[in-house]
Amino acid sequence: MSAASGEPARTPAHVAIIMDGNGRWAASRGLPRALGHRQGVEAVRALIKGAGGLGLTHLTLFGFSTENWQRPQDEVNALFDLLRQFVGADLAGLAREGVRVRIIGSRDGLSDDLLEIVERAERDTRHNTRFHLTVAFNYGARDEIVRAVNALTARAAETGKAQPLDEAEFAAVLDTQGLPDPDLIIRTSGEMRLSNFLLWQGAYSELVFIDVLWPDFTLEHLREAIAVFQSRERRFGGR
């Protein structure tokens, strides 16, 4: 039911965000794109710190897509360096605060040190349950679905049995296995598309597009997006 119908306002448990606009933020200030990405990390830090206080239990952030490999190599390297720095500076604090970190996406193409960083972030926080932070890194939804189909095909070849699947069984081999589907997907920068993000999981997510470049995104913008979510009636195909 919608908030307008008299039902209590619902808070989305899981919010996913397409963090868009770092490069344009830097260009508008005559700065290198790398500085836009660096400022974007500061927005991430502030969001993680405050999201739990708004009632969220799960936050998923789109950090690097499979299509981002097409960008200039120096920009790709800068994005990878930011992941290294973020994990190096923030992981211990996140672990102490009960945050579980998961990295979804393909591990193909990542250097050995990046793989070690990803594995350490997941290993050091795997027992935490207070808040779930998922970072989509080297992620593309079509790639995720193809990898899932290939895994199921390989399983069938090993067992010699090919059986029909239901949706829950298919979801169990996606990168997001064990995570709830996002209630709300936000995209910043004014662009209005999903850009190959959580296509399966976002089938019934509410979409909110905000005309703010990611480095300028604040907790107040998240509150506004949640208010939009709360104003909508979610029927999931029913009446």
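The values are calculated or read from the model by the stated rules, or taken from the named source; none is laboratory data. What you see is a predicted model, and the numbers here were worked out from it, not measured in a lab. Cβ placement follows ideal geometry from the backbone for every residue including glycine, while neighbour counts extend to all protein chains displayed.
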Evaluation of residue 191 against (1) farther than 21 Å from residue 138 by Cα; (2) touching an Asp or Glu at 6+ places or on another chain (Cβ under 6 Å); (3) not aromatic (Phe, Trp, Tyr) (one fails), failing number: (1)
Pair list, Cβ < 9 Å and 6+ apart or interchain, from region 131-148 residues that are in contact (Cβ under 8 Å) with a residue 40 or more places away in the chain to residues that are crowded, with 18+ Cβ neighbours inside 10 Å and basic (Lys, Arg): 131/100; 132/100; 132/102; 133/100; 133/102; 134/100; 134/102; 135/102
Looking at residue 194 and the list (1) in a loop (DSSP other than H, G, I, E, B); (2) free of Cβ contacts under 8 Å to residues at least 60 places away in the same chain, which single condition is not satisfied? (2)
For a quick check of your reading of the model, give me the residue pairs whose first member lies in region 1-25 and is over 20 Å from residue 179 (Cα atoms) and acidic (Asp, Glu), whose second is modelled with pLDDT of 85 or more and part of a strand (DSSP E or B), with beta-carbon atoms closer than 9 Å and at least 6 apart or on different chains. 20/62; 20/187
State yes or no: is residue 228 out of contact with any Ser or Thr (no Cβ under 9 Å at 6 or more places or on another chain) and at pLDDT 95 or above? yes
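Kindly evaluate residue 63 against the criterion of being touching a residue at least 24 places away in the same chain (Cβ under 8 Å), farther than 30 Å from residue 173 by Cβ and of a type outside the set (Ser, Thr, Tyr).
For residue 63, the condition - touching a residue at least 24 places away in the same chain (Cβ under 8 Å), farther than 30 Å from residue 173 by Cβ and of a type outside the set (Ser, Thr, Tyr) - is not met.
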What do you reckon, is residue 62 within 26 Å of residue 183 (Cβ to Cβ) and touching a Ser or Thr at 6+ places or on another chain (Cβ under 9 Å)? yes
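Is it the case that some residue within region 177-188 is out of contact with any helix residue (DSSP H, G or I) (no Cβ under 8 Å at 6 or more places or on another chain), touching a residue at least 60 places away in the same chain (Cβ under 8 Å) and over 17 Å from residue 13 (Cα atoms)? Full working, then the answer.
If we filter region 177-188 for residues that are out of contact with any helix residue (DSSP H, G or I) (no Cβ under 8 Å at 6 or more places or on another chain), which is where we start, we get 178-182, 185, 187.
From the residues that got through so far, the ones that are touching a residue at least 60 places away in the same chain (Cβ under 8 Å) too are 179-182, 185, 187.
With over 17 Å from residue 13 (Cα atoms) added as a condition, the list becomes 187.
The answer is yes; a qualifying residue exists.
Condition check: under 30 Å from residue 23 (Cβ atoms), part of a loop (DSSP other than H, G, I, E, B) and touching a Gly at 6+ places or on another chain (Cβ under 6 Å). Does residue 189 satisfy that?
Details: under 30 Å from residue 23 (Cβ atoms): yes; part of a loop (DSSP other than H, G, I, E, B): yes; touching a Gly at 6+ places or on another chain (Cβ under 6 Å): yes.
Yes: the conditions hold for residue 189.
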